[in-house]
Amino acid sequence: MLSKAKIKYIKSLHVKKHRIAENIFLVEGSKSVLEFIRSKFTTDVVYGTDLFWKQHKKLLTEHNIAFEETTEKELTQAGTLNSNNGAIALINIPTYTPAELDNSKWTIMLDVINDPGNLGTIIRVADWYGIDRIILSENSVDMYNPKVVNTTKGSLARVRVEYGDLTQILSSFDGVIIGADMKGEDIHSFKTVNGGVLLMGSESHGISEDLKKLITNQITIPRVGAAESLNVAVATAIICDNLCGRK
């Protein structure tokens, strides 16, 4: 059973400053926990129910994962989900070595994305379309916010997400940089290429002016109805389908 001290510690990781101090973030729910155990991430410890242990003892043992049994009530109390009948994992935050952009595949860049639900959905969309790298502007939401992690449904375990100076990175990139803009070319008629950068801005502010200057191809999703704009996660999914989903 979880002690009050451990529940307090887990709850502290709901807050960014404590995640940074401990270099640990939360993963909640059986499916997501299993995704991270099988990934390149390092799992510090798993707290789970007796049923979770019985179902996944072999996997936990093979990966040498520290496991502590607890109850569904305690998992829900310690975590952020309304209910959790499986497990919570404490995962070490990785350090990524800087890497150059790859012209042969797509990278998504996100300029000032503040909504954790949007970021989580975009990570899941990237995973669906085989895009394994996302770079966020440094003033975007924390990727290890529990709502982001929960929304990805385990996709964060497969998609490399990092922060950087987007202007600096794109200034030295000689490949295709696609930016979403209302005045751009219809995405459905855009002649797709093998890779490059898809740059997306927030729904309210769009792409910053400094970054707009670096775009090589402006594209748009044609509007048929009367909606003023599209949610950035929805727009990203539509564009990715046209870039990566065409045969």
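Laboratory data are not the source of any read-out in this text; all were calculated from the coordinates shown. Fair warning: this is a prediction, and the values are worked out from it, not measured in the lab. Heads up, the Cβs are rebuilt from the backbone with ideal geometry, glycines too, and the neighbour counts pull from every protein chain shown.
Once you put a point 7 Å from the Cα of Asn194 and another 7 Å from the Cα of Ile20, both along the Cβ direction, what distance in nm separates them?
Computed distance between label sites Asn194 and Ile20 equals 4.0 nm.
Tell me whether segment 106-244 comes out rounded, prolate or oblate; compute the Cα gyration tensor, take square roots of the eigenvalues as a ≥ b ≥ c, and use a/c under 1.5 as the rounded threshold.
Rounded shape, in that the Cα axes give a/c under 1.5.
For a quick check of your reading of the filter: which GluC sites (Glu not before Pro) in segment 134-190 sit in a DSSP loop and have no more than 14 other Cβ atoms within 10 Å?
Those satisfying the criteria are Glu138.
What nm value, rounded to one decimal, do you get for the distance between Ser171 and Lys4 when each label is placed 7 Å out toward the C-beta?
It is 5.5 nm.
Just to confirm my numbers, what's the Cα centroid distance between segment 110-139 and segment 28-74 in Å?
Taking the Cα centre of each part, segment 110-139 and segment 28-74 sit 26 Å apart.
If r is the Cβ-Cβ distance from Glu62 to Asp241 and R0 is 35 Å, what FRET efficiency results, to the nearest 0.05?
Computed FRET efficiency for Glu62 and Asp241 comes out at 0.45.
Using 0.36 nm per residue, how much length does the chain from Glu100 to Val224 gain when fully extended, once their Cα-Cα distance is taken away?
40.8 nm
Could you check the spin-label model distance between Ser204 and Trp53? Points 7 Å from the Cα along Cα→Cβ, value in nm.
4.7 nm
Can you classify segment 4-92 as rounded, prolate or oblate using the Cα gyration tensor, where a ≥ b ≥ c are the square roots of its eigenvalues, rounded means a/c under 1.5, and otherwise it's prolate if a/b beats b/c and oblate if not?
oblate
On a 18 Å Cα-Cα criterion, which of the cross-link pairs Lys16/Lys147; Lys31/Lys58; Lys8/Lys40; Lys17/Lys147; Lys11/Lys147 come out too long?
The answer is Lys8/Lys40.
Looking at the chain as a GNM with Cα springs under 10 Å, which of Ile169, Ile93, Ile178 has the largest mean-square fluctuation?
Answer for the Gaussian network model of the chain: Ile169.
Just want the ordering: His63, His205, from fewest to most Cβ atoms lying within 10 Å of their own Cβ.
The order, fewest Cβ neighbours first, is His205, His63.
Take each of the peptides 126-134, 27-35, average the number of other beta-carbon atoms within 10 Å over its residues, and list them starting from the highest.
27-35, 126-134
For Lys183 and Ser39, what does the FRET efficiency come to when R0 = 45 Å and r is the distance between their Cβ atoms, rounded to the nearest 0.05?
Plugging the Cβ-Cβ distance into 1/(1 + (r/R0)^6) gives 0.65.
Label point 7 Å out from Asp132 along Cα-to-Cβ: which residues of segment 181-222 have amide N under 16 Å?
Within reach of a label on Asp132, which here means backbone N under 16 Å from a point 7 Å along Cα→Cβ, segment 181-222 contributes 195-196.
Add -39500 (n - 2.57) for each DSSP H run of 4 or more in the chain, then divide by its residues: what number comes out at 222 nm, to the nearest 500 deg cm²/dmol?
Rounded to the nearest 500, it is -10000 deg cm²/dmol.
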